[in-house]
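S.K.: My structure is below; once you've seen it, I'll send some questions.
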Amino acid sequence: MYRYDEFDATFVHERVEQFRDQVARRLSGELTEEEFKPLRLMNGLYLQLHAYMLRVAIPYGTLSGTQMRRLAHIARTYDKGFGHFTTRQNIQYNWPTLEDAPRILEELAEVEMHAIQTSGNCIRNTTADPYAGAIKDEVEDPRIASEVIRQWSSLHPEFSFLPRKFKIAVTGTTHDRAAVKVHDIGLVIKRNAAGEVGFEVLVGGGQGRTPMIAKTIRDFLPKQYLLSYLEAILRVYNMLGRRDNKYKARIKILVHETGIEELSRLVEAEWESLSRETTVDLPRAEYERIAAYFEPPDLAPAEASSAAFEAAQQEDRDFRHWVRTNVKEHKVDGYAVVDISLKPIGGVPGDATADQMDLVADLAERYSQDELRVTHGQNLVLAHVAKDDLHALFKELAGAGLATANSRLVSDIIACPGLDYCALANARSIPIAQDISRRFDSLDRQFDIGPLEIKISGCINACGHHHVGHIGILGVDRKGTEYYQLTLGGRADENAAIGKILGPAFDADGVVDAVETIVDTYLEERRGPDETFLDAVERLGFQPFKDRLYPQKQAAA
Amino acid sequence: MALIKNGRLTADRWHLYEDDAPLQPDIPAIVSLARFKAERDALLRAHADLGVRLEPGETPDAIADDLDRLSVIALNFPSFTDGRAYSYARLLRERHGYKGEVRAVGNVLRDQYLFMARAGFDAFEVKEGESAEAFLAATKAVTNAYQRATDTRRPIWELRGAQPAIAAAAE
């Protein structure tokens, strides 16, 4: 993984000192809260319902054991002993004090981390496939481009006051685990007919109150022009993006109102001009310097099948189940990619205690090349585990409540913090996720249901990605009571689609029953266990689900 | 309002005219784009020192043909959150080759000086009481930059590239 050189280290340390000065000016009263707000937001510090919230960047979701241990230390020292992993592969602390914030950032800088641009109307943390560098059919590790973008976008003098926040995601395979089609810019690394590596560039995806799927603005951009092309897109957006209404300010609205053809023409013209005027792109040597940090780890040769691994699965039923859901094929024989679920039954999605973080740091060092990933699904990944080690790893995870076998099953729910923490929320998300998870606690039942992604947002801003949930749940407030609207058919992969509203909303008790009714309807109506939930919804349409959910309507009609 | 130009507190000899205010020919004048368009020829005849103020949404293209006759382009920040003028400043410098003063006016805050200076601004209308020391400290808070912009900083990737050569020379 990437390591700071003296330039990176100095940059982050200076940013900490700059913020320390800003906090001191706030605490002394020199700055009003109004004046301080944009400054703290540029360093990921929000003022939430009950306290400050600090969002720490985990660039493209990759971190070392040492870094994870530091996150644990911060949780223990400055928070209430836990942290919350987010859909942007970051971590949030919900209870730090303003006075402690500079010290926390200093502790982060010591392990090559920061909170730069984790909020504000700027280019946010670039996200990437959490299985990067570990799976077959990858054209190039997407973290190389992500790190290139991280550096270029850090304190960018032209793009720090954009119309709205700006999110970029990168995938290196055709099977998309980074949700690139619901980002402001999505990059898909591919080869052209000549075998050269480059990017398909998509623009204008997003969620929020106007969800949209990104459109291709350039089918193939040679790799060496990545930054100049991004600069052209960002400049066009910065000048033309709407600023009259924050809900119409994302680039998706510009794409929608301008049309992708016209926008493409503007971007290409801008790109041509700026390429004559300045040098934005990295020289090849610098790209390769960064790429060298993402060389595949030197994994000791191993047999494709391990007798010990097979035997352990025979003997240990829980292990067998966990392998079935949470262990994925690695590109190297004898190795596996492991999903660590942060979705225990009845737990808070994405939360981890300091002790759990410490343990995972140890396990990464011992079993997975000292490297961890955070997924946009709010779980963790150990990307390079020898199959022979899987059983030992499983037992250690299980001892800490981290071996829930539910990756991509119905209890692997994405949920935003909701009204329990968030100042924007209209309704609670976490308790709904917990209730659904408890309702489906039987693993046999979860296996029977198969892949089913439930995503819950506590307001229309859609931080819980409900638009792209197979079942999406949106919390709304009606005269002081929380209601939940259901959508069906959303997905965030390479066939990304926005879910559609099913019918009238349910209250907090009713929504869990409603989800169960949807699931039961699927189980009854599907052609067999091979027909997934999404396939069944596509074939059946919404009617069978509506008939079961709203029988009184049928009676009235 | 105080003016910081090239890093120093400077007396501002320019006067910003409202659109309906009569111009005094002997005072350097900054006028709105609308007024400049309406009275262009008369203004250029009467004022050796003339500047134009652009609002967000008014791009430098609108005055591209007259830039060599304008001494100041003032870019207004009605709110610090409206960042269009950062692009305009870069376009003035890099696309149009403008060598005159690019002045930040409006909601110009200390924590934006560094971004503004990097984007090509060389003059800043700042809060009364702001010091040149504070300005310099703010623009030097972060020594190096990752990306090339309009200022003279060499991007970090270029400094990195230069490193082996320096190391070799030292040996």
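Rule-based calculations on the coordinates, nothing more; no lab input. Note that the structure is predicted; figures quoted are calculated from it, not measured. Note that we place each Cβ from the backbone using ideal geometry, even for glycine, and neighbour counts take in every protein chain shown.
S.K.: Please report the relative contact order for region B:32-149, taking Cα pairs under 8 Å with a sequence separation of at least 6, and give it as a percent rounded to a whole number.
M.R.: Numbers: 149 pairs, mean separation 23.3, N = 118.
After rounding, I find 20 percent.
S.K.: Across chain A, what fraction of all alpha-carbon pairs, as a whole percent, falls in each successive 20 Å bin from zero upward?
M.R.: Using 20 Å bins, I get a P(r) of 21, 56, 22, 1 for chain A.
S.K.: While we're looking at this one, here's another question. Which one, A:ALA403, A:ALA433, A:GLN543, projects farthest toward the positive side of the charge dipole computed for the protein assembly as shown from Cβ point charges (K/R +1, D/E -1)?
M.R.: Result: A:GLN543, furthest along the dipole toward the positive end.
S.K.: For a label point 7 Å from the Cα of A:THR32 along Cα→C-beta, name the residues of region B:107-127 whose backbone N is under 19 Å from it.
M.R.: B:107-112, B:126-127
S.K.: Now for a separate question. Helix by helix through chain A, keep the DSSP H runs that span 20 Å or more along the axis on Cα and average at least -0.5 on Kyte-Doolittle, and give those back in order.
M.R.: A:226-240, A:508-525
S.K.: Something else: Pairs of Cα atoms under 8 Å, at least six residues apart: use those to get the relative contact order of region A:383-536, whole percent.
M.R.: This gives 18 percent for region A:383-536.
S.K.: Any chance you could check the Cα centroid distance between region A:139-172 and region A:261-310 for me, in angstrom?
M.R.: Cα centroid to Cα centroid, the span is 12 Å.
S.K.: Further question: Would you mind giving the mean number of other chain beta-carbons within 10 Å of the Cβ of each residue in A:159-166, as a whole number?
M.R.: 4
S.K.: Also, quick follow-up: Over all alpha-carbon pairs in region A:1-85, figure out the percentage whose distance exceeds 15 Å.
M.R.: 70
S.K.: For the peptides A:238-244, A:258-264, what is the packing order when you average, over each peptide's residues, the other Cβ atoms within 10 Å and list the highest mean first?
M.R.: By packing density, highest mean first, the sequence is A:238-244, A:258-264.
S.K.: Can you give the FRET efficiency to the nearest 0.05 for A:ALA193 and B:ASN6, using r as the Cβ-Cβ distance and R₀ = 56 Å?
M.R.: 0.60
S.K.: Pairs to check: A:LYS455/A:LYS546; A:LYS331/A:LYS455; A:LYS248/A:LYS500; A:LYS343/A:LYS387; A:LYS215/A:LYS331; A:LYS328/A:LYS455. Give those whose C-alpha atoms are more than 26 Å from each other in this structure.
M.R.: A:LYS331/A:LYS455; A:LYS215/A:LYS331
S.K.: Between A:ARG276 and B:PHE80, what is the FRET efficiency for a Förster distance of 41 Å, r being their Cβ-Cβ separation, to the nearest 0.05?
M.R.: E(calc), rounded to 0.05, equals 0.85.
S.K.: For the protein assembly as shown, what does -39500 (n - 2.57) per DSSP helix run (n ≥ 4), summed and divided by total residues, give at 222 nm, in deg cm²/dmol to the nearest 500?
M.R.: Dividing the helical sum by the residues of the protein assembly as shown leaves -11000 deg cm²/dmol.
S.K.: Quick one: length gained pulling A:GLU268 to A:ASP477 fully straight, 0.36 nm per residue minus the C-alpha distance?
M.R.: 70.8 nm
S.K.: For Cα pairs less than 8 Å apart in space and 6+ apart in sequence, what is the mean separation divided by the residue count of chain A, i.e. the relative contact order in percent?
M.R.: 13
S.K.: Right, something else. With +1 on the Cβ of every Lys and Arg and -1 on the Cβ of every Asp and Glu, and nothing else charged, how large is the dipole of the protein assembly as shown about its Cα centre, in debye rounded to the nearest 20?
M.R.: Details: 89 positive and 110 negative charges, 275 e Å.
The dipole of the protein assembly as shown has a size of about 1320 debye.
S.K.: From other protein chains only, count the Cβ atoms within 10 Å of every residue's Cβ in B:78-86, then give the mean.
M.R.: 6
S.K.: Arrange the peptides A:144-150, A:470-476 so that the one whose residues have, on average, the most other Cβ atoms within 10 Å appears first.
M.R.: With the highest mean Cβ count within 10 Å placed first, the list reads A:470-476, A:144-150.
S.K.: Further question on the same structure: Give the average, rounded to an integer, of partner chain Cβ atoms located within 10 angstrom of each Cβ in A:239-246. Mind dumping the intermediate values first?
M.R.: Values: counts 10, 4, 2, 0, 7, 0, 0, 1.
That average works out to 3.
S.K.: I'd like the FRET efficiency for A:ARG284 and B:LEU44, computed as 1/(1 + (r/R0)^6) with the beta carbon distance as r and R0 of 51 Å, rounded to 0.05.
M.R.: That pair, A:ARG284 with B:LEU44, gives E of 0.60.
S.K.: Between A:LEU424 and A:LEU540, how many nm apart are label points set 7 Å from Cα along the C-beta direction?
M.R.: 3.4
S.K.: With bins 10 Å wide starting at 0, give me the P(r) of region B:49-116 over every alpha carbon pair, in whole percents.
M.R.: Spelled out bin by bin, region B:49-116 gives 21, 58, 20, 1 percent.
S.K.: A further question follows. Of the listed peptides B:96-103, A:358-365, A:337-344, what is their order by residue-averaged count of other C-beta atoms within 10 Å, with the highest listed first?
M.R.: In decreasing order of mean packing, B:96-103, A:358-365, A:337-344 become A:337-344, A:358-365, B:96-103.
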